[in-house]
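Every number in this text was worked out from the coordinates using simple rules, so none of it is lab data. Since the model is a prediction, treat every value here as computed from it, not as a measurement. Because the Cβ atoms are built from the backbone with ideal geometry, glycine has one as well, and the counts that use them run over all protein chains shown.
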Amino acid sequence: MHHTSGAVAGRPGAGPAIALSLVLVAIVCALTGLCYAELASMIPIAGSAYTYTYATMGELIAWIIGWDLILEYAFSNMSVSVGFAAHIVDLLNWLGLNLSPKWLSPAYLPLGLQDLAGNTIYNPGWHAGFDIPAFLVVLLLTVVLVRGMRESARTNNIMVLIKIAAILLFIGFGASFIHPSNYHPFSPNGWTGVLAGGSIIFFTYIGFDSVSTASEECRNPRRDVPIGILATLIVCTLLYVGVAVVLIGIVPWQSVAGDGAPVVNALRRVSLLPGGHRLHFVHLAVLLGALVGMVSSILVFQLGQARVWFSMSRDRLLPEVFSRVHPRFRTPAFATWVAGFLVAIPSGLFDVGTFAEMSNIGTLFAFVLVSAGVVVLRYKDPQRHRGFRVPFGPLVPILSVLCCILLMAGLPAKTWLRFFIWLAIGLLVYVFYSRKRSEFYQPATPSE
């Protein structure tokens with residue numbers, strides 16, 4: 001929500017129409033999820049988009065997606081880590097501990113930093129400081145991952161229930177403090193703002209595609225996979241829209257632009273108003289639920305990022321050291337530490353919006369390749385077994401590609417430039433290093 005409510009860093013935002021942005025993104029994710037499910041069902045193992053494309057579309061496309069996934073996972077976690085730090089600051093404030101913002105905020109703040117009264121703490125741009133909570137949470141969870149984390153369905157379910165309870169608590173108690181005037185104008189920047197909002201808020205849906213990886217385990221994949229994907233997206237969208245409507249209703253949308261913890265800070269503002277005292281402990285409960293949710297998110301995506309490094313190394317596309325496992329913990333320790341520092345250091349320097357934009361363009365580009373791959377493989381390998389087939393022939397994949405490109409078009413030019421630089425670096429690494437170490441590499445033999 002924090003970077004899509006108003007005009008942010010020169011980009012039009014959705015304003016209260018962020019609810020429409022969330023629905024738009026859900027539709028795009030539904031189209032892409034169905035494509036992902038078909039690709040996943042073509043090989044009988046679970047894995048990431050890198051694994052599937054390596055087995056179905058070849059090494060070069062797999063390299064591009066793997067390099068892209070590193071970008072997606074890393075910047076997504078940088079964004080979440082900065083948000084986690086903002087929530088830690090709010091928790092300290094709730095406890096009456098007011099520490100120096102110098103070590104609790106990123107060094108780069110494109111919108112500056114203000115207190116609740118609107119007083120300027122830092123002007124837009126760089127300042128001498130470092131976001132220590134964002135840095136530390138990544139490193140602490142990296143230690144957990146190196147030592148080995150046994151994820152159970154029960155633990156995961158408990159975390160999900162805590163997150164849902166926090167969301168429902170916010171919606172239920174916040175609804176009584178809504179001011180209808182905050183919804184006017186509903187869409188201050190029209191369709192351009194809605195599209196830009198969807199382009200940034202997209203990263204909140206990252207991870208939905210994991211439902212599609214279970215296609216081989218379904219009794220009836222053709223029925224169960226689309227139901228699972230669509231049901232997941234419908235529930236998430238209803239919760240997200242509920243939060244957006246209540247958040248924009250209780251505080252002016254301009255006040256949440258650039259905020260790394262918009263929901264809890266909105267609750268804090270309202271709790272200080274006459275009659276808002278009953279939100280004091282609701283604020284704490286929502287805050288703790290959000291922290292639990294962010295910790296679980298960082299863990300999952302740091303684990304996923306390290307596994308991408310590991311898989312690419314195992315396929316000889318990256319140095320062997322990335323696929324070495326710890327002799328005691330049996331985890332890819334080196335890859336996990338590299339992923340940890342790759343996320344932790346930038347998390348202390350940059351703001352949440354910069355990270356969200358890079359995560360989104362990386363994710364959307366991967367979705368474009370996956371969706372296009374479904375069409376290509378329908379023609380190149382029509383006889384291959386598919387546990388699930390996208391309905392309506394090539395129509396759904398083509399719509400998915402077009403919608404993803406549309407959302408990518410809503411991102412700033414500087415984000416595109418950074419993305420192309422990242423891809424160019426990846427292709428140089430592939431051409432001059434990875435390709436020559438690949439098991440498929442055949443050196444040219446001198447002609448006699």
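For TRP126, nonlocal amide neighbours, meaning residues 5 or more places apart or on other chains whose placed amide H falls under 5 Å from its own, are LEU109. Each Lys and Arg Cβ is given +1 and each Asp and Glu Cβ -1; about its Cα centre, the range 15-437 then shows a dipole of about 900 debye. Extending 7 Å from the Cα toward the beta-carbon at both LYS414 and PHE329 defines two label points whose distance is 3.6 nm.
For the chain, the longest principal axis of the Cα atoms and the long axis of helix 221-250 meet at an angle of about 20 degrees. Here the Karplus relation 6.51 cos²θ - 1.76 cosθ + 1.60, evaluated at θ = phi - 60°, turns the backbone of the range 298-313 into coupling constants of 4, 4, 5, 7, 5, 4, x, 5, 4, 5, 5, 4, 4, 5, 5, 6 Hz, with x for every Gly and Pro.
Bridging of LYS414 to lysines at a Cα separation below 29 Å is possible for LYS102, once same-chain residues fewer than 8 apart are set aside.
For the peptides 359-369, 263-273, 278-288, 427-437, the ranking by packing is 359-369, 263-273, 278-288, 427-437, with the highest mean count of neighbouring Cβ atoms within 10 Å listed first. Which distance in Å, rounded to a whole number, links the C-alpha centroids of the range 60-106 and the range 237-272? If you average the Cα positions of each part, the centres end up 19 Å apart. Here Cα extents along the principal axes in Å was calculated from the structure, and among (i) 68, 61, 48; (ii) 115, 46, 40; (iii) 86, 46, 43 it sits at label (iii).
With R₀ set to 45 Å, the beta-carbon distance separating PHE432 from ARG384 gives a calculated FRET efficiency near 0.85. The label point for THR192 and the one for SER100, both projected 7 Å from the Cα toward the Cβ, are 4.3 nm apart. Counting only DSSP H runs of at least 4 residues, each contributing -39500 (n - 2.57), and dividing by the residue count of the chain, the helix-based mean residue ellipticity at 222 nm comes to -20500 deg cm²/dmol. Put in order of Cβ neighbour count within 10 Å, fewest first, the listed residues ASP351, ASP259, ASP224 become ASP224, ASP259, ASP351. Exposure proxy for THR56, THR192: other Cβ atoms within 10 Å of each Cβ, ordered fewest to most, give THR192, THR56. The residues VAL243, VAL82, VAL300, VAL321, when put in order of fewest to most other Cβ atoms within 10 Å, stand as VAL321, VAL300, VAL243, VAL82. Note on HIS179 and LEU238: with the Förster distance fixed at 22 Å, the Cβ-Cβ geometry gives a FRET efficiency of about 0.45.
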